[in-house]
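Below you'll find the structure, written out as structure tokens, and then a few comments.
The values are calculated or read from the model by the stated rules, or taken from the named source; none is laboratory data. Since this is a predicted model, take the numbers as computed values, not measurements. Backbone-built Cβ (ideal geometry, glycine too); neighbour counts: all protein chains shown.
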Amino acid sequence: MHIFSQARSTAGGVLFILDVLCVAAIWPIAVISGFPADGRPGALVLALYPLLHWLLLYAMGLYRRDIAADMGRALARLPVVVGMAVALAGTLAALLSGPKGEWGAGSGPESGHESGMLLVVLAFLGFTLAGLLARMIFRDLQRRRWLRRRLLVMGAERRAYDLLVMLRREGRSLDYDIAFLPCPGSAEGIDPRLARDTGCRVLPLGNGTVLAAAQRLAADMIVVAPAERRGMDLQPLLDCKKAGFPVVSYLSFIETEIRRVDLKRMELGWLIFSDGFTVGALDRLCKRVFDLVISALVLVLSAPLLLGGMLAIRMEGRGPIFYRQERVTLDGVVFQILKLRTMRPDAEARGAVWAAAGDSRITRAGAFLRRTRIDELPQLLNILRGEMSFVGPRPERPVFVEDLARQIPLYRERHMVKAGLTGWAQINYPYGASVNDARSKLSYDLYYVKNFSILFDFAILSQTLREVLWPSGFR
């Protein structure tokens, strides 16, 4: 039961499995119907197309919860992403097929070119059809409520209600069947908002054991979320665990399910005794090699965009093309960040202020450069110099760091790693320019620092392209 629940616990995971199955059914039929047996492309080329298709679907956010829940946005983006994947696969396949364009046995250069174009067309049509079919099946499963995640929550106070709100807004599953079991002797009592909510159940006290409640619900997991755990009887939870029901604490569940750290209910003891915050010498070496290779590659590929941005700034008027500003990185070290100037030269004549939506200080060229993130490209030089990393918390100005550290607990912990050009907060939270925004982004930054790995960096980097094409917000 629990193995199956883990397989269906995320909307993106289910959708990915459906995509794989639909492509596995449609792609061979498309190839067989389009090519004779002696003229089909090689196995490497045929495998390249679906692999890049799935990679681009992930990178462009089509497995994210918000996109999976919004069928209109998913269907609007699907042909664009499929087109990008097919174009990339076609280019790489042409390089792999050799200088003569040998797509299949006995193919000459001319026929090889025609076969390559036919394969691109078949891939675009086949993968688009497979994506539509997968999302139709996904929506039908959702309507039938086969994707539900059944949770038994110990506690029915304000903390339990906060959990309900976060799951509905940010949870990795689209549908939860949640039952709340009040803790005996709770000082707060049942939160009235839970009692009024028709989308969940509050079980009556004294109606059998915790184990019996978990068995009636067929719970996939038991989440311990009382307002106060001191004096709580843990034997019923041990009985549940022995019976095969996973039992997790509130903060650990939030970290895994929502992939951020809940600062509102933070317990320093949990942060100390839970896993994470381990960045060894080998990790730093691998990250540095990763930074050097990726930043050098991106700098070469983006050179035309960078030169175009510099030209746009110069054509708009006088003033420096580049903008240098003090920022904070690893261990609180201050460095000079390099960006293309997007504001008037006198933008901060009266001192440092947060950027605002529709900021009048931003030039016309600057608005475009910010929207497309071209103004960030000079930071690749900061990465090559070792002042920044490609992935990490965004660097803030020292004056803002001091102010935020006084108002937000654990704010300085984000400096355990180098500041980054992109990061977990950047791909999950819109551009922020206030203390509340900084607090929300810190919840993602702490999750990144706590769970750092090179594979996590690759995952973040792959999703950064989505923010370039479909930005969630800029200022």
Residue list for segment 411-427, restricted to those being of a type in the set (A, V, I, L, M, F, W, C) and not in a strand (DSSP E or B) | 416, 417, 419, 424, 425, 427
Do we have any residue at all in segment 288-299 that's out of contact with any His (no Cβ under 8 Å at 6 or more places or on another chain), among the basic types (Lys, Arg), at pLDDT 90 or above and on the phi < 0 side of the Ramachandran plot?
-> yes
How about segment 368-410: which of its residues are acidic (Asp, Glu), in a helix (DSSP H, G or I) and touching a residue at least 40 places away in the same chain (Cβ under 8 Å)?
-> 375, 376
Candidate set: segment 291-338, residues that are more than 26 Å from the chain's Cα centre (by Cα) and of a type in the set (S, T, N, Q); chosen: the one surrounded by the fewest Cβ atoms within 10 Å (Cβ to Cβ) = 336
So which residues in segment 428-457 are under 16 Å from residue 418 (Cβ atoms), in a helix (DSSP H, G or I) and among the hydroxyl-bearing types (Ser, Thr, Tyr), if there are any at all?
-> 448
Of the residues in segment 210-258, those that are surrounded by fewer than 18 Cβ atoms within 10 Å (Cβ to Cβ), under 23 Å from residue 187 (Cβ atoms) and hydroxyl-bearing (Ser, Thr, Tyr) number 1
Quick one: is residue 424 surrounded by fewer than 16 Cβ atoms within 10 Å (Cβ to Cβ) and either farther than 23 Å from residue 291 by Cα or at pLDDT 90 or above (or both)?
-> no
Residue among 444, 448 that is in contact with a Pro (Cβ under 8 Å, 6 or more places away or on another chain) and either at pLDDT 90 or above or closer than 22 Å to residue 270 by Cα (or both) = 448
Across (1) exposed (fewer than 15 other Cβ atoms within 10 Å of the Cβ); (2) within 28 Å of residue 15 (Cβ to Cβ); (3) of a type in the set (Lys, Arg), residue 172 clears everything bar (1)
